[in-house]
Amino acid sequence: MDVWSHSGPTLGYSVDGHDYVAFAPAGATWSVNGSTFTSSLAGKDYFSVAVLPTTPSTSAADRTALAEAYAEYAHDPVTGTAVSYRYDEAKSTVTTTYRFTTDALEGSATGTVAALLPHQWRHLSGGGSPLPRTYVSSRGPLKVLTGVTSFSTTMDFHGVLPEIPAVADSSGADAATLRDYLNAEKADPTRQVSDDTYWTGKGLGRAARLAEIADQTGDTEVRDAALSAIRSKLTDWFTASPGKTGHQFYYDRKWGTLIGYPASYGSDQELNDHHFHYGYYIAAAATLAKFDPTWADADHYGGMVDLLIRDADNYDRSDGRFPFLRDFDIYAGHDWASGHGSFAAGNNQESSSEGMNFDNALIQWGVATGNKAVRDAGIYMYTTQAAAIEDYWFDVHDQVYPEGFQHKEVGMVWSNGGAYSTWFSSAPEQIQGINLLPVTGGHLYLGDNPAYVRANYQEMLDQAGRTQPGIWPDIWYEYRALGDGDAALADFRAHSSLTSEEGESKAHTFHWIRNLAALGTVDTGVTADSPLSAVFVKGGDRTYVAANTTATDSTVHFSDGTTVRVPAGKTVTTGAYTWSGGSAPGGTGPTPTPTASPTPTPTPTDTATTSPSPTPSPTGGSGSSPTLYPGRTGH
């Protein structure tokens, strides 16, 4: 230990190469006795200690300047924090403001010192300029603002789609192939592998993809079969009745949560993964809402959908039944999956893409039902989490993972690092693939950096020691299509006998890959004034896509001046491809079946507990123990 500054109420010292400053109240002094520091605090009951963003090579002058910059706010403890967000539809931006409330114990300063995470400082739009020195952290370099009472970020929202448009499915052999794939699903669109909340959700998501594709391509029989399956399952799960023991939700007053039974993966006892499970239900309900708006209205089953939304991430601060944004960590910028979060490494999240599935579901549901509060909450979480995934799951800027960490992606993010592992598999296809599924029109963010897609795909093959993915090949081909559609299509054609991942179908896999091969890659250089929009580019030619899931015609304006008129219920493209498809709403969808009167609210019970049950350790790749990186070295 080395004391490098000892003056009145301020004491600067170093421990193991890290610099600290202790600030006592005005008029106080510090007494140094070896490694023991004491102060009477001038009769006060407060002091503060700060670690400085320095290295052993930092000059004495810089170290002293940092200590002085921090000193002004040393006695302004933070007593409250709040976040607000605003979606600017015309500019397609999300502005998030983080506010701090402080209590000035002495002096007149009202600000504090805040360390910003990479996904925040990359998009900083208000709050001042960061200091030149940064902190080392498990999330990469943290940049520091001093004297702040608030700071803001502004991020572009690049839009989502109900589904990739069927620009290449209209005729020829490929159209016949797709029809065959769709017809094979007509008897059982959900193809559910288990009866719990998660696997029911996966089946619902599968059926929703089939319904969207079949509607685009005019296959009304498959569309209606998929919508019927969705309606039947959701109505069953959303209806409570005396003596019913399964396929329903219970509201637990003690913990302020909605639990579906049969539960799975600790969703009841530990309150795990609610956003994962319920995102599938909400997304399927959004598809159904376009064709059966009566089923989806608040007086029928829309109220139950709203409860699922509020349980996982309540968008309404005034609603005391559920905590505000329960699963979403406002400062970290992403969801957490564990309900208790009491692991040695803190909390964790494995499937960031299933978290994004929930966010996308809110956008789709909000647009389809006209609920802008839900839509905007979804857009806020979606845009913020996409930026967090880019840094913490994928490290596309090569600034987060520590030197020597030989992966382009982690399977799991933990509070104190990340790991190339999952809870369930050591296979590279699944360690990396768990952050790719489900593949939907809300997952175009995965293609924002086509070069990274190609590199990440190749790393998976290298780690697996294969030339083709041995597990989840359909998911991987769909992902590859976001970076190289032609190569992905060639892979699928050569291996079309593959076994689909449980939430996938060959119809959706072929539709996705075939159309991306035509459209090209995601173009993030253009935005639109509609949430349901996207732009693709191939060979320098752009295709503009806009969907309208409402009953009113609309006109979508893209930021480069392109305008697209979108009739009610249609998806329209212009540019390299001119196409229109879809038939909802307007009475062309299936006639709704009679709907039973739903239970207005879940029956209150006290069934949940929060005692964590034993949980398996994460499984690392290549048969090894998982490697948890603790943070990047250096500044």
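The values are calculated or read from the model by the stated rules, or taken from the named source; none is laboratory data. Just so we're clear, the structure is a prediction, and the values are computed from it rather than from any experiment. Glycine also receives a Cβ, built like all others from the backbone with ideal geometry; neighbour counts cover every protein chain displayed. To get the accessible areas, we keep the full protein, side chains included, count just its heavy atoms, and leave off ligands, DNA and RNA. Shrake-Rupley method; radii C 1.70, N 1.55, O 1.52, S 1.80 Å.
Between residue 106 and residue 560, 0.36 nm times their residue separation minus their Cα-Cα distance comes to what?
Gain on stretching residue 106 to residue 560: 158.2 nm.
Ignoring ligands, DNA and RNA, what percent of the accessible area of the chain is carbon or sulfur (1.4 Å)?
The computed percentage sits at 49.
Rounded to the nearest 10 degrees, what's the angle between the helix 372-388 long axis and the longest principal axis of the chain, both from Cα atoms, 0 to 90?
Roughly 60 degrees between the two axes.
If I stretch the segment between residue 494 and residue 183 completely, what's the gain in nm (0.36 nm per residue apart, minus their alpha carbon distance), one decimal?
109.8 nm
What are the ³J(HN,Hα) values, in whole Hz, obtained from phi via the Karplus relation 6.51 cos²θ - 1.76 cosθ + 1.60 with θ = phi - 60°, for each residue of the range 551-568 in sequence order, with x given for Gly and Pro?
Result, ordered by residue: 8, 10, 4, 9, 10, 10, 10, 8, 5, 8, x, 6, 10, 10, 8, 10, x, 4 Hz.
Using θ = phi - 60° and the Karplus relation 6.51 cos²θ - 1.76 cosθ + 1.60, list the HN-Hα couplings for the range 424-435 in order, rounded to whole Hz, with x at every Gly or Pro.
Per residue, the Karplus-derived 3J(HN,Hα) values read 10, 7, 9, 6, x, 4, 9, 4, 7, x, 5, 9 Hz.
For residue 271, what residues show an amide H to amide H distance below 5 Å, using hydrogens built from the backbone and excluding near sequence neighbours?
none
Compute the distance in nm between two label points, each set 7 Å from the Cα along the Cα-to-Cβ direction, one at residue 253 and one at residue 580.
In this crude spin-label approximation the distance works out to 5.5 nm.
Fully extended, how many nm does the chain gain between residue 81 and residue 331 (0.36 nm per residue separation, minus their Cα-Cα distance)?
Stretched out fully, the residue 81 to residue 331 stretch lengthens by 89.0 nm.
Whole-Hz Karplus ³J(HN,Hα) for the range 330-345, in order, using 6.51 cos²θ - 1.76 cosθ + 1.60 and θ = phi - 60°, x for Gly and Pro?
Listing the rounded values in order: 4, 7, 5, x, 8, 6, 10, 9, 7, x, 9, x, 9, 6, 4, 8 Hz.
Would you calculate the separation in nanometres between label points at residue 38 and residue 241, each defined as 7 Å from the Cα along the Cα-to-beta-carbon direction?
Calculated label separation equals 7.5 nm.
Once you put a point 7 Å from the Cα of residue 471 and another 7 Å from the Cα of residue 298, both along the Cβ direction, what distance in nm separates them?
Distance between the two pseudo-spin positions: 4.5 nm.
Relative to the first principal axis of the alpha-carbon coordinates of the chain, what is the inclination of helix 197-216, with its axis defined by its Cα atoms, in degrees from 0 to 90 and to the nearest 10?
50
Counting only heavy atoms of protein chains, what accessible area per residue, in Å², does the chain have with a probe of 1.4 Å? Walk me through the numbers on the way to the answer.
Details: 23830 Å² over 635 residues.
So the chain comes to 38 Å² accessible per residue, rounded to a whole number.
With a/c under 1.5 counting as rounded, go ahead and sort the range 476-592 into rounded, prolate or oblate using the C-alpha gyration tensor (a ≥ b ≥ c being the square roots of the eigenvalues; past the cut-off, prolate if a/b is larger than b/c, else oblate).
Because a/c hits 1.5 or more and a/b fails to exceed b/c, the range 476-592 counts as oblate.
Taking a quarter of the surface of the convex hull around the Cα atoms of the chain, what do you get in nm²?
30.2
Quick one: of 143/408; 233/372; 91/506; 244/506, which pairs are farther than 32 Å apart, Cα to Cα?
Flagged as over cut-off: 91/506; 244/506.
Evaluate 2.2 N^0.38 Å with N set to the residue count of the range 28-141, then give the Cα radius of gyration divided by it.
That works out to 1.35 for the range 28-141.
In whole angstrom, and with the biggest value first, how far do the Cα coordinates of the range 201-306 range along each principal axis?
Per principal axis, max minus min of the Cα coordinates gives 48, 28, 22 Å.
For a quick protection proxy, order the peptides 100-107, 354-361 by their average other-Cβ count within 10 Å, most packed first.
The packing order, highest mean first, is 354-361, 100-107.
Ranked from highest to lowest mean number of other Cβ atoms within 10 Å per residue, what is the order of the peptides 25-34, 284-293?
284-293, 25-34
If packing is taken as the mean number of other Cβ atoms within 10 Å per residue, what is the order of 11-19, 373-381, 43-51, highest first?
Details: 11-19: 16.0, 373-381: 23.8, 43-51: 13.4.
Put in order of decreasing packing, that is 373-381, 11-19, 43-51.
Name the residues whose placed amide hydrogens come within less than 5 Å of the amide hydrogen of residue 257, ignoring near sequence neighbours (fewer than 5 apart) on the same chain.
Under 5 Å from the amide H of residue 257: 252.
Answer rounded, prolate or oblate for the range 309-378, using the Cα gyration tensor with square roots of eigenvalues a ≥ b ≥ c: rounded when a/c is under 1.5, else prolate when a/b is larger than b/c, else oblate.
oblate
Round to a whole angstrom and tell me the spacing of the C-alpha centers of the range 309-347 and the range 496-554.
The distance from the Cα centre of the range 309-347 to that of the range 496-554 comes to 30 Å.
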